[in-house]
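Everything on this sheet refers to the single structure shown next.
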Amino acid sequence: NENLDPEGFVNLGPEEIARVNYMIGQLSFTQGKNQDARAFLEYVSPESSFHAKARYLLGILEIRTGNPEQALPHFRAVLDIVPEDSPSQDLLEVRGLAQVAAGRAAYGLGRYAESADYYAVVPRFSRHWFTAMYESAWSYYKQDEYGRALGELHSVTAPYFAKRHIPEAYVIQGTTYF
């Protein structure tokens, strides 16, 4: 592009450079350009406020390319970077997404106990709590911990969650009873 001023990047600070790399990485991710996305996201500095988001997307890229084992370290990194009591709602959202994604990746690898552990630390009343309870029921079921699976399903089918009905909850409930 003839309108691009490469000299202008010299004037950017580290946080602005990280932001540009994250934004281009996110755009490339959305467009399905996995190699470009990886290159830009890996360049986001660990000191940047965009690092946790970049690591989450790198984990999703690993899932997208069929490497769930390589995705888990990225999701764990997000959990290490973003404290549970972070004042940033944006980062807490990324943390919650990483917890659920790590649970799903571990489940997909057949590591059901690890999967249940990831789901168990999703904060109560968070946006991802319902999903974590439902999906952890499957993890407990696969571990032959039927009582715990039914406990999670009892919570998921409670009137509190009437607006978030999942018919499959009754399928696993019925399967567990028999």
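Within segment 59-89, being farther than 20 Å from H128 by Cα and in contact with a Leu (Cβ under 6 Å, 6 or more places away or on another chain) holds for one residue alone: P68. No other residue among E69, E135, E62 is over 30 Å from I24 (Cβ atoms) and not in a loop (DSSP other than H, G, I, E, B) apart from E135. Selection of first residues in segment 43-67 that are β-branched (V, I, T) and of second residues that are in a loop (DSSP other than H, G, I, E, B), restricted to Cβ pairs under 6 Å at least 6 apart or on distinct chains, gives the following pairs, ordered by first then second residue: V44/F50. Just need a number here: residues in segment 24-46 that are assigned to a helix (DSSP H, G or I) and either among the aromatic types (F, W, Y) or open to solvent by 70 Å² or more (accessible area, probe 1.4 Å) (or both). Total satisfying the criteria: 8. Against the condition assigned to a helix (DSSP H, G or I), under 26 Å from A158 (Cα atoms), in contact with a His (Cβ under 6 Å, 6 or more places away or on another chain) and of a type in the set (A, V, I, L, M), how does V122 come out, does it pass? No. Yes or no: segment 3-11 includes at least one residue that is in contact with a helix residue (DSSP H, G or I) (Cβ under 6 Å, 6 or more places away or on another chain) and aliphatic (A, V, I, L, M). No. For segment 128-135, state whether one or more residues are among the acidic types (D, E) and within 20 Å of the chain's Cα centre (by Cα). Yes, segment 128-135 contains at least one residue that is among the acidic types (D, E) and within 20 Å of the chain's Cα centre (by Cα).
Quick check on segment 126-143: of everything there that is over 18 Å from R76 (Cβ atoms) and in contact with a Ser or Thr (Cβ under 7 Å, 6 or more places away or on another chain), which residue is least open to solvent (accessible area, probe 1.4 Å)? That would be M133.
Which members of segment 144-178 meet the condition of being open to solvent by 30 Å² or more (accessible area, probe 1.4 Å), of a type in the set (S, T, Y) and in a helix (DSSP H, G or I)? If the condition is that a residue be open to solvent by 30 Å² or more (accessible area, probe 1.4 Å), of a type in the set (S, T, Y) and in a helix (DSSP H, G or I), then Y146, S155, Y160, Y170, T175, Y177 are the ones that fit.
For (1) surrounded by 18 or more Cβ atoms within 10 Å (Cβ to Cβ); (2) within 22 Å of I166 (Cα to Cα); (3) without any contact (Cβ under 8 Å) to a residue 12 or more places away in the chain, each residue gets a yes or a no:
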| site | (1), (2), (3) |
| --- | --- |
| R76 | no, no, no |
| G96 | yes, yes, no |
| A101 | yes, yes, no |
| A105 | yes, yes, no |
| G108 | no, yes, no |
| A120 | no, yes, no |
| R124 | no, yes, yes |
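The set of residues in segment 47-57 being in a loop (DSSP other than H, G, I, E, B) and open to solvent by less than 60 Å² (accessible area, probe 1.4 Å) consists of S48, F50.
The values are calculated or read from the model by the stated rules, or taken from the named source; none is laboratory data. Predicted, not measured: the structure shown is a model, and the values here were computed from it. Glycine also receives a Cβ, built like all others from the backbone with ideal geometry; neighbour counts cover every protein chain displayed. Note: accessible area is taken over every heavy atom of the protein model, side chains too, but ligands, DNA and RNA are not part of it. Shrake-Rupley method; radii C 1.70, N 1.55, O 1.52, S 1.80 Å.
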